[in-house]
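K.L.:
Structure in structure tokens, see below.
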Amino acid sequence: MLAAAGSSIGLGNIWKFPYETGLHGGGTFLLVYIPCALLVAFPLMMAEVLIGRYGRGNPIHGIRHIAKQEHLSSLWPVIGWFGLISSFLIFSFYSVVASWILFYIMQSAMGSFVGVPAEIVQHSYGALLRNSDQMMLWHTIFVLMVVVVLTRGVRGGLERALRIIMPCFIALLIWLCVYASQVGDFDQALHFLASYDLAAIDAELVVSAMAQALFSLSVGIGALVMFGAYMRDERSIASAASWVMVFDTVFALLMALMIFSIVFAFGMDADSGAGLIFETLPVAFSQMTEYSVVWSTLFFTLLLAASLTSAFALLEPIIAALTQGMNISRRLAAWLVGACAWAGGMLTVYSFNELKFSFYYFGEQQSNGVFDVLNIVATHVMMPLGALLIALFAGWRIHHGETKSLLAMRVEVAYRLWRFCTRILAPIVLGAVLVMVLFFPA
Ligand code: PHE
């Protein structure tokens, strides 16, 4: 469960949630996001873990095993393959965003922003994006960090890392929230997150909210199948998933509160997009009179820890599938996947500078080339499609008696609700999202 929480809390909560919330008008976004998370992503989280418990293996082997047991089509393991491709695509932009954090940790620790005028600090983000050599360096370091931990295996590397990372993580978050409530404009942040405008809800907002819920809870690419496979049998899937869901949502909300308190206190733009945390936070920290170096270094270290645990969860299923499927050592598989992921990430690195291009999506100009394409393809198309297939597989293809005994929910109504959401609601919502993205994205 620790590992599942570690994987679900990451850049999705810290980087994507605040900027999507900022872009889509605060409370209006939350109004759509929360039902999407609760009624679609959460039941599917349970479905994925259930598949892992039943199949006892990585998404491809596990689903193949279930298909045999249930006499289903041998095409279902395609979900596993599909998930591995999605994980790889997500990692190739995730690792680049995470690597910016390394840059900010270094700048913060060196005190580069202390006492520097706000405009100059703010420009450091743009300057970093323009400097592809610098980005390549940080990206390489981040990928190396992930691969080195993963070569040591899930039971060794990942668990040992998480046991240290998670408690530090929680302590730092609580501390930073208290701190933000003192220096920031907490009231305005609260107001921003609590007020909504129903007329502002459009197709793009619904697609973004649904995609954000899947991304934040790591649903739709088979990452949770791995946790189901490793989880002890006596552990209840529903309670583990509930804890992760609560933890993930509370975390995202606290991050947003903290970030917007600072954004409003320093008169910055809430809707500046993917650069929100990187443009505004260093500025805020630079304006502080005391211990700015310590606070900013701590904050960016917290972000790094969170993104590392999610990065492990993105690559782990690919490594597991390679070691089992090709019969190669874990070490070799980790280096191989790491090398490919590094190369894939380079496309993202160059999409902010040498290979920059723009296009329109739902009437909005997207100007970061491959980065925006990957972000949209992976989170607006691949994840909803993967989640839809998982809903159909767990809801309609696995025998009802089997899901019931695997989930072992004590309250019958809760099980029925899960079944309704998985069989009916999720396919309708995800189907609608896919139709909007694929046929009406103009
Ligand atoms: N949920 C992670 C986050 O919020 C991202 C992730 C998605 C991790 C899918 C693993 C699988 O950052």
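Where a number appears in this text, it was derived from the coordinates with a stated rule and is not lab data. Bear in mind that the values here come from a model prediction, so they are computed numbers and not experimental data. With ideal geometry, Cβ positions are generated from the backbone for all residues, glycine too; neighbour counts draw on all protein chains shown.
K.L.:
Which angle between 0 and 90 degrees, to the nearest 10, do you get for helix 159-183 versus the longest principal axis of the chain when only C-alpha atoms count?
P.N.:
40 degrees
K.L.:
Please find, in a Gaussian network model of the chain (springs between Cα atoms separated by less than 10 Å), the residue of LEU150, LEU347, LEU303 whose mean-square fluctuation is greatest.
P.N.:
LEU347
K.L.:
Pop out the ³J(HN,Hα) list for region 263-271 in order, Karplus 6.51 cos²θ - 1.76 cosθ + 1.60 with θ = phi - 60°, rounded to Hz; leave Gly and Pro as x.
P.N.:
Ordered by residue, 3J(HN,Hα) equals 4, 6, 5, 9, x, 9, 8, 6, 10 Hz.
K.L.:
Taking N as the number of residues in region 208-356, what is its Cα Rg relative to 2.2 N^0.38 Å? Provide the component values of the computation, followed by the final result.
P.N.:
Numbers: Rg = 19.2 Å, N = 149, 2.2 N^0.38 = 14.7 Å.
Ratio of Rg to 2.2 N^0.38 Å for region 208-356: 1.31.
K.L.:
Which ³J(HN,Hα) values in Hz, rounded to whole numbers, follow from the phi angles of region 280-293 under the Karplus curve 6.51 cos²θ - 1.76 cosθ + 1.60, where θ = phi - 60° and Gly and Pro get x?
P.N.:
8, 5, x, 4, 4, 5, 5, 7, 6, 8, 10, 6, 4, 4
K.L.:
Follow-up. By the scheme Lys and Arg +1, Asp and Glu -1, what is the net charge of all other residues having a beta-carbon under 11 Å from that of MET46?
P.N.:
+1
K.L.:
Ranking request for peptides 332-344, 62-74, 306-318, 401-413: highest mean number of other beta-carbon atoms within 10 Å first, then the rest in descending order.
P.N.:
Result, highest mean Cβ count within 10 Å first: 306-318, 332-344, 62-74, 401-413.
K.L.:
List ILE85, ILE319 from most exposed to least, where exposure is judged by having the fewest other Cβ atoms within 10 Å.
P.N.:
The most exposed by this proxy come first: ILE85, ILE319.
K.L.:
Please order GLU20, GLU290 by the number of other Cβ within 10 Å, starting at the fewest.
P.N.:
Going from sparsest to densest Cβ surroundings: GLU290, GLU20.
K.L.:
Sort 135-146, 187-198 by packing, meaning the average of other beta carbons within 10 Å per residue, with the highest value first.
P.N.:
Going by the mean number of other Cβ atoms within 10 Å, highest first, we get 135-146, 187-198.
K.L.:
Then there's this: List THR151, THR21 from most exposed to least, where exposure is judged by having the fewest other Cβ atoms within 10 Å.
P.N.:
With the fewest neighbours first, THR151, THR21 line up as THR151, THR21.
K.L.:
Can you tally the net charge around ALA67? Count Lys and Arg as +1, Asp and Glu as -1, for every other residue whose Cβ sits under 15 Å from the Cβ of ALA67.
P.N.:
Net charge in that neighbourhood comes out at +2.
K.L.:
So what is the relative contact order for region 49-138, in percent, with contacts set as C-alpha pairs under 8 Å and at least six apart?
P.N.:
17 percent
K.L.:
Also, quick follow-up: Considering the alpha-carbon set of the chain alone, what are its Rg and its Dmax in angstrom?
P.N.:
Final numbers for Rg and Dmax: 21.0, 67 Å.
K.L.:
Compute the angle between helix 426-439 and the longest alpha-carbon principal axis of the chain, please, reported from 0 to 90 degrees and rounded to the nearest 10.
P.N.:
The angle comes out near 60 degrees.
K.L.:
Relative contact order for the chain: what is it in percent, counting Cα pairs under 8 Å that are at least 6 residues apart?
P.N.:
35 percent
K.L.:
Name the residue, out of SER296, SER216, SER329, whose mean-square fluctuation peaks in a Gaussian network model built on the chain with Cα pairs under 10 Å.
P.N.:
Most flexible of the set in this elastic network: SER329.
K.L.:
Taking a temperature of 20 °C and a viscosity of 1.002 mPa s, what whole-number D in µm²/s does Stokes-Einstein yield for region 288-404 with Rh from Kirkwood over alpha carbon pairs?
P.N.:
117 µm²/s
K.L.:
Another one. Give me, ordered by chain and number, the residues 5 or more places off TYR361 or on other chains with an amide H under 5 Å from its own placed amide H.
P.N.:
Amide H neighbours of TYR361: GLN366.
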